[in-house]
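Novice: This structure is in structure tokens; I'll ask about it shortly.
Every read-out reported here was derived from the displayed coordinates using simple, explicitly stated rules and does not represent laboratory data. Owing to the predicted nature of the structure, the values given are computational and were not obtained by experimental measurement. Because the Cβ atoms are built from the backbone with ideal geometry, glycine has one as well, and the counts that use them run over all protein chains shown.
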Amino acid sequence: MSHHQFPVQEIRSFLDESVSRINLEGSTRHSSVILVLMSHGNKHGISGTDLDVVTIQEIKSKFSGRKCPALLGKPKIFFIQACRGNMPTKSALGTDDPKRLMGDIDSCSSKRPTDDALDIDGDVPDNADIYVAYATSEGYFSIRHDVDGSWFIQSLCEELIAHVHIDDLDTMMNRVTRRVTGLTGSVTDDEGNETMTLQTPDISKQGIGKKIYFMLSYPPCS
């Protein structure tokens, strides 16, 4: 997995080069694509280091059936750790009990800026087979701990390590969602006021009707 910090034009170039390479290598080489994006963001998409934004729709469209035929009928999976707005996720119980706070939590809004072999019968929608897991709901910011990192990515990594050899993607993401939704933290604004906040991941699927497994089942290494 590559880790890069790009302005938006370089993000676009990286995605275009990836799609070109996948198409060149051909459909027999690739069973899916998994893209992890971690950055600042807003309701439209992901921010580059130049504070410009590449939209989620643009990212998804680059891997569409027309533009990436090597992945036609195969899962395109995106994990996105970024704010999707400036609103904090408040408790439904309406309490700011400091005993429930985790402390030292901030959000990016406070910063400046596969499954079984697939038989394809007939036509396939251009925007099918897309799975997007957002760290937070539309309009809300996501939480990142100063030391431990983001709630979503940490929970995702822990779940994959524990169960990727056993469970399908939906089952694992249900656990990630429950884990992140159950966390409680505090955010300090520019005036020093501390507010209790939570977070709700958002899973979006387009045209995926089968379970997705990353690995064949085998006992984990001791």
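Novice: Please go through the range 158-208 and write out the GluC sites (Glu not before Pro) that DSSP classes as loop and that have at most 15 other C-beta atoms within 10 Å.
Specialist: Passing both the DSSP loop test and the Cβ count: GLU191.
Novice: Quick check: pseudo-label points 7 Å beyond the Cα along Cα→Cβ at GLU10 and THR49, how many nm apart are they?
Specialist: 0.4
Novice: Using Cβ contacts closer than 10 Å as the measure, can you line up TYR134, TYR213, TYR140 from fewest to most?
Specialist: Neighbour counts put them in this order, fewest first: TYR213, TYR134, TYR140.
Novice: Now for a different question. Would you mind checking LYS43/LYS76; LYS90/LYS210; LYS62/LYS211 for any pair whose Cα atoms are more than 31 angstrom apart?
Specialist: Values: LYS43/LYS76 21 Å; LYS90/LYS210 34 Å; LYS62/LYS211 23 Å.
Those over the limit are LYS90/LYS210.
Novice: Using the beta-carbon distance between ASP146 and SER61 and R0 = 45 Å, what value does 1/(1 + (r/R0)^6) give for FRET efficiency, to the nearest 0.05?
Specialist: That pair, ASP146 with SER61, gives E of 0.80.
Novice: Here's something else I'd like to know. Taking neighbour Cβ counts within 10 Å as the exposure measure, how do ARG175, ARG21, ARG66, ARG144 sort from fewest upward?
Specialist: So the residues, fewest neighbours to most, are ARG66, ARG21, ARG175, ARG144.
Novice: Sort THR197, THR49, THR89 so that the residue with the fewest other Cβ atoms within 10 Å of its own Cβ comes first and the one with the most comes last.
Specialist: THR49, THR89, THR197
Novice: Quick check for me: using +1 on Lys/Arg Cβ and -1 on Asp/Glu Cβ, what's the dipole size of the range 157-201 about its Cα centre, in debye to the nearest 20? Each step should come with its number before you reach the end.
Specialist: Working: 3 positive and 9 negative charges, 54 e Å.
Computed about the Cα centre, the dipole is about 260 debye.
Novice: Could you work out the local net charge near VAL53, counting Lys and Arg as +1, Asp and Glu as -1, over the other residues with Cβ closer than 14 Å to its Cβ?
Specialist: Net of charged neighbours comes to -1.
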